[in-house]
Every structure is written in C-alpha cells, then in structure tokens.
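Chemist: Quick one: the structure is below, and I'll ask about it shortly.
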Ligand code: FAD
Ligand code: NAD
Ligand code: NAD
C-alpha cells in the first residue's frame, strides 16, 4: 500500500543550519538523507552521528539488508567451513578474527517502514529499506521514493554505488551478475556437486570469484573467460599478469584468456551455451563480471554535472555537487590533489569519502585529501594492496624478492610500456640505478613471491602495488602524497623490508 506523505518542511531557512543546530534546537529535526545503503552511506551516517548524536540521519536503501561490506562476498565467505555461512555471513579475516559482513544489525537502527518518521528525532540512525529513490528534487530539497512519497532533506548524500554491467539481450535464469548478498546466496546454491560454472571477466570480481569457486568442495568445474591476455591485465604489468594467470590455473581454474564472447544462449536441460568463436562452452551457470555501471541516473536527471569520461557525479574538493548535495563512494568523480580527477571503485575509498562527506554535511568544510587503498586476494597465495593509480597502461618499475632461497634478482620481461629493473635485495646492497635489459621470466618459479610495482606518469610515481607485501599501506600512501619522481625509487625501497621474512 503506497504511502502518500507530503514532506514536512522545517520553517528555519536551511542555509544557516550548520551554525544554528547547536544553539536553536529546531523543533523539526533537519534530515540528513543518505541515498543508498552501502559502505559510503554507512560511513557518512557514522561520521554525522559522531559529531552530533541527535542528528536526524536517514539511510534509504533499495536492498532488503542493513548496510554491509561487499569484499567478503567474493573471498572469505567462500573459504568458510561453516555450512550455514550463507545465513550467518560471518567470516574469518586473514588474521583469523571472526567478522560480520553486515556492519550492524537492523535492530540497532530505527527501522522506518515509509517516509513517515523521517522528521522525528532519534538517537539511532534511521533505516528505510526496500525503497528506491526515484527523483532528487534540488529546488524543493526533497527526494521522491518509488512509493510516491517525498522526504525533505537538509543535506543529501548520493551514495548509490553502481550496477554490474550485463550482456544486452541475454535473459536466462542461469546467467547472473554478482554484487549483493542475494547474489552470493544464489551463486552458493549453484556451486554444488559436479556443477560447471563459467565466470566471464578477468578483473577484480571475475578473478576473485573464479578462485573462490574453484576452491569449493564438490568437483566443481570453473572456466574463466575474458578478452585480455591474463588475469588482472588492466592493472598488472604483463609479466605479472602471466604469472598470476598461471597461479590461478594452478588453483584449479580453467582460464581462457584472449577470448571474447560472441553470444550467450540458453541450451538444453537448463544449460547455457557460450559461443567463444572457435569453441562453444556448455555450462550450468554463468557469472558475468564485466565491470560496473555507476548509478548516476538521479544526479543526471537532477541536472548535476556528470563526468562522462569516468561516469561519475562531479563534486568539488568538499565532495559537494551543489549546495547541500554531496556524493561519495563508487559514484563520485572527485579531484585528487596529487593525481587529478578520479573515480574509484573500492571499499576503502567508500569508507573515506563517505566519512568525509558526512563530516562536511554536518558542518565541516575540509577538502577531501585522503589517499585510499585497495586490496584483493586470489586464494591463499596471492594477495595485494595498492595506492594511487595502478593501470597497466602506465610505465612500471618493479622490484621483486623471493620469499625464500637466495636473492636472485627478478625482473619483468615485457612491453615498451614497462621499465623493469633488477633489484639485488640481499643485505643492504643498493639496487642498480641503471635500467637493466629485461630477462625472460620463468613462470614456473616463484620469482614473484613478493614485490613492489611502482606506476609512473610523467616521471612521477602515481601508484604503488604491494604484492604479497602487507602492513605497508601507510608507507605507500606517503610516497604517493609526496609526489616523488621515479629516480627516487631506489631510496624509497628500504622502508619495505623486502628481504626479510
Ligand atoms: P554500494 O556498496 O554499491 O552501495 C550502494 C547502495 O545504494 C546499494 O545497496 C544500492 O542498492 C543502493 N542504491 C542505489 N541507488 C539507489 C536508489 N536510487 N535508491 C535507494 N538505494 C539505492 N573493494 C575493495 O577495495 N576490496 C575488495 O576486496 C572488494 N571486494 C569486492 C567484492 C565484491 C563482490 C564487490 C561487488 C565489490 C568489492 N569491492 C571491493 C568494491 C567495494 O565493495 C565498492 O567499492 C563499495 O561497495 C562501494 O560502496 P558504495 O557505498 O559507493 O556503493
Ligand atoms: P573490473 O572493471 O575490475 O573488470 C572488468 C573486466 O570485465 C575486465 O577485466 C574484462 O576482463 C571484462 N570484460 C569487459 N567487457 C567484457 C566483455 N564484453 N566480455 C568479456 N569480458 C569483458 O570489474 P569487475 O571485475 O566486474 O568488478 C565489478 C566491481 O566490483 C568493480 O567496481 C570492482 O572494482 C569491484 N570489485 C573490487 C574488488 C577489489 O577491490 N578487490 C573485488 C571485487 C569486485
Ligand atoms: P592495514 O595495516 O591498513 O590494516 C587494516 C586492518 O584491517 C587490519 O587491522 C585488519 O585487522 C583489518 N582487516 C583484516 N582483514 C580484513 C578484511 N578482510 N576486511 C576488512 N578489514 C580487514 O593493512 P593490512 O594489515 O596490510 O591489511 C589490509 C587488507 O589486506 C586486509 O583487509 C586484508 O584483507 C588484506 N590482507 C590479506 C593478506 C593475505 O594473506 N592474503 C594479508 C594481509 C592483509
């Protein structure tokens, strides 16, 4: 039954709200409306409540779940030994600590059923689930919900994340995308004894899911298909892509690289047939992981500026798109003072930008200067973290160490775009400053046990990938923020202790 609830408009003017909240105690609590129930909204809600526990914060979420983190959905949850994991959603992090996927139980929010209650005070964050915002009305300071009701905002946050890209025209119940807890539950139900699952896409999601599925008990066959040369080819230098692909194969994934999908059709007995041009694959289920489409529709329709190149909502340094309208997380196109305009699809960025937007919504006016990190794990052997621009189109300088045995210098072989160098990592020997001619990498050995990849643009270090090197994110951040030129790399290596265990 749709609820018609006309917005309650506070009588005070909205523009002076930040100065007045503490002194005037308005009768009607001015709502901070957070659109989207993901990590960015959750971080913003926490930040606002930290500054003012009585602030009227409303998270509007299309999903049925209270806000949760997505990273374990393609990693830790698949490695859980608990047969009830799809219900508990509890996972162990790499340190063995138990953690919850859902940030906090719905009971800790004031759960609203509809727009009514949006203007009453509460010490809890309000949570309106199963509702989609269909319109952002800048002139009236309201949002319209899919039930037709409106909620007045004092400040609003666009934290709508994105939708997984799809193959147009493909409609088969056994071809799905993967983003939510519901998607995890569904794929879990498909990954049963003897199933053949195809994962399309060689980026973060496709690679993590392929490895996770291959780890599953029950004789599950996993085929991964993508157009690039190897796993993570858009991020890693070529030699590292090749090495990683060989590792992913060792973990049981049948990787079909350099293959594009010609068509996806429903076959007999519920099978799905993938046409790869030179071969046809008949599988039980297909997971499509071919990138994200940021959800900028509300912003576009409201006339906000869209960064068409990066498909994000343009904001100023304070993460504001227009007066009282903020954006954070996957959907925001922001200006990074070190690296220029960016849009980032990673968890830590959602946390940092969400929190920062929240702080500015409740009265701050600080520029967003946090340098976020991201991580990915491909099974137990491969884990990496990164800061800044990590794009395989950039030049790279890599330094590798074997985790064991003698410190044989390792160097990448590869394209012109890379400038691999040899590093002698025994004792305190400095690395050779002169570029060394690339040697062929033997993919069978463990040369890429751990190492660093520096990404360079216009002689400046713009990105740093820490491959099986952990606990050094702050050092990486400091390097990016300092804007070092690439000739400083030798001197920067000391702090990474690559030669120690
Ligand atoms: P989202 O988490 O997408 O949240 C947006 C929410 O808004 C959604 O719940 C959506 O339903 C809702 N919404 C959208 N429009 C509306 C509307 N109009 N009305 C109401 N609600 C709306 N990053 C890492 O750094 N490391 C990882 O290991 C990692 N693993 C990942 C694993 C998976 C399986 C996935 C899918 C992503 C992973 N990421 C990882 C990326 C990370 O999860 C995202 O960057 C992060 O979720 C972005 O947060 P967000 O709040 O911007 O958007
Ligand atoms: P992605 O952008 O990382 O990778 C997209 C991949 O899709 C490409 O590598 C390519 O192989 C493939 N692709 C594109 N067009 C294709 C086509 N026509 N046919 C076949 N393959 C095609 O995106 P994703 O891997 O789909 O991840 C989805 C989202 O989830 C992203 O925002 C990502 O950042 C996020 N995510 C992040 C992590 C992490 O940070 N560790 C983990 C999982 C998911
Ligand atoms: P960090 O020093 O910035 O610490 C980040 C904090 O995140 C740690 O205190 C840790 O307790 C916590 N954490 C651990 N696992 C987590 C998870 N899955 N999701 C969210 N938080 C988690 O950086 P770090 O210690 O280098 O770790 C950063 C990330 O890298 C972790 O989140 C973890 O997933 C990943 N990692 C993986 C491995 C591995 O062996 N594959 C090892 C270390 C770290």
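Every number here is computed from the coordinates shown, using simple stated rules; none is lab data. All of these numbers come straight from a predicted model, not from anything done at the bench. In this analysis, Cβ positions are derived from the backbone assuming ideal geometry, glycine residues included, and neighbour counts consider all displayed protein chains.
Chemist: Expressed in nm to one decimal, what extension gain is obtained for the pair residue 487 and residue 262 from 0.36 nm per residue of sequence separation less their Cα-Cα distance?
Modeler: 76.5 nm
Chemist: Tell me, what is the FRET efficiency for residue 308 and residue 282 to the nearest 0.05, using R0 = 60 angstrom and their Cβ-Cβ distance as r?
Modeler: Step by step, r from the Cβ atoms, then E = 0.95.
Chemist: Take the eigenvalues of the Cα gyration tensor for segment 218-258, scale each by 5, and report the square roots as semi-axes in whole Å, largest first.
Modeler: One finds semi-axes of 19, 11, 6 Å for segment 218-258.
Chemist: Another question, then. State the Kirkwood hydrodynamic radius of segment 166-315 in Å, one decimal place, computed from all pairs of distinct Cα atoms.
Modeler: Mean inverse Cα-Cα distance, inverted, gives 16.5 Å.
Chemist: Where the Cα atoms of segment 116-189 are projected onto their three principal axes, how long is each span, largest first, in whole Å?
Modeler: Sorted largest first, the three principal extents are 44, 29, 20 Å.
Chemist: Which order do peptides 40-47, 348-355, 360-367 fall in by mean Cβ count within 10 Å, highest first?
Modeler: Final packing ranking: 40-47, 348-355, 360-367.
Chemist: While we're on this one: In Å and from the alpha-carbon atoms only, list the Rg and Dmax of segment 292-349.
Modeler: For segment 292-349, the Cα radius of gyration and maximum Cα-Cα distance read 10.5, 31 Å.
Chemist: In nm, give the distance between the simple-model label positions of residue 51 and residue 495, each being 7 Å from the Cα along the Cα-to-Cβ direction.
Modeler: 3.0 nm
Chemist: Here is a further query. Please report how far the C-alpha centroid of segment 75-118 lies from that of segment 255-320, rounded to the nearest whole angstrom.
Modeler: Here the two parts' Cα centres lie 27 Å apart.
Chemist: Continuing with the same structure: Taking 0.36 nm per residue of sequence separation and subtracting the Cα-Cα distance, how much length would be gained by fully extending the chain between residue 250 and residue 316, in nm to one decimal?
Modeler: That pair, residue 250 and residue 316, stretches by 19.1 nm at full extension.
Chemist: I've got another one for you. Assuming a ≥ b ≥ c are the square roots of the Cα gyration tensor eigenvalues, decide whether segment 221-288 counts as rounded (a/c under 1.5), prolate (otherwise, with a/b larger than b/c) or oblate.
Modeler: Taking the square roots of the gyration eigenvalues as a ≥ b ≥ c, segment 221-288 is prolate.
Chemist: Provide the FRET efficiency to the nearest 0.05 for the residue 301-residue 84 pair, computing r from the beta carbons and using R0 = 51 Å.
Modeler: Efficiency for this residue pair is about 0.75.
Chemist: Defining a contact as two alpha carbons under 8 Å apart and six or more residues distant in sequence, what relative contact order in percent does segment 143-221 show?
Modeler: Relative contact order for segment 143-221 comes out at 20 percent.
Chemist: Continuing with the same structure: Count the DSSP beta bridges whose two residues both fall in segment 33-139, then state the antiparallel fraction as a percent rounded to the nearest 5.
Modeler: 30 percent
Chemist: Beta carbons within 10 angstrom, averaged per residue: use that to sort the peptides 113-123, 244-254, 99-109, highest first.
Modeler: 244-254, 113-123, 99-109
Chemist: Something else now. Spin-label point model (7 Å from Cα, Cβ direction): what's the residue 139 to residue 458 distance in nm?
Modeler: In this crude spin-label approximation the distance works out to 4.2 nm.
Chemist: Something else about it: Regarding segment 148-211, what is the average projected area of its C-alpha convex hull, in nm²?
Modeler: 7.3 nm²
Chemist: Where the centre of each part is set by its Cα atoms, how far does segment 181-196 sit from segment 140-162, in angstrom?
Modeler: 35 Å
Chemist: So if we plug the beta-carbon distance of residue 273 and residue 335 into 1/(1 + (r/R0)^6) with R0 = 45 Å, what FRET efficiency do we get, rounded to 0.05?
Modeler: E between residue 273 and residue 335, to the nearest 0.05, is 0.45.
Chemist: Explain nothing, just the number: relative contact order of segment 257-398, from Cα pairs under 8 Å at least 6 residues apart, as a whole percent.
Modeler: Relative contact order of segment 257-398: 13 percent.
Chemist: Compare the peptides 200-208, 479-487 by average per-residue count of other Cβ atoms within 10 angstrom and give them in order, highest first.
Modeler: Top of the packing list down: 200-208, 479-487.
Chemist: What spacing in nm lies between the two simple spin-label points modelled at residue 323 and residue 106, each 7 Å away from Cα in the Cβ direction?
Modeler: 3.8 nm
Chemist: For segment 71-205, what's the radius of gyration and Dmax over Cα atoms, in angstrom?
Modeler: Cα radius of gyration and Dmax of segment 71-205 are 19.1, 57 Å respectively.
Chemist: How large is the convex hull of the Cα atoms of segment 450-495 per residue, expressed in Å³ as a whole number?
Modeler: Considering the Cα atoms of segment 450-495, their hull volume per residue is 61 Å³.
Chemist: Taking 0.36 nm per intervening residue step and subtracting the Cα-Cα distance, what contour gain separates residue 182 from residue 95 on full extension?
Modeler: 28.7 nm
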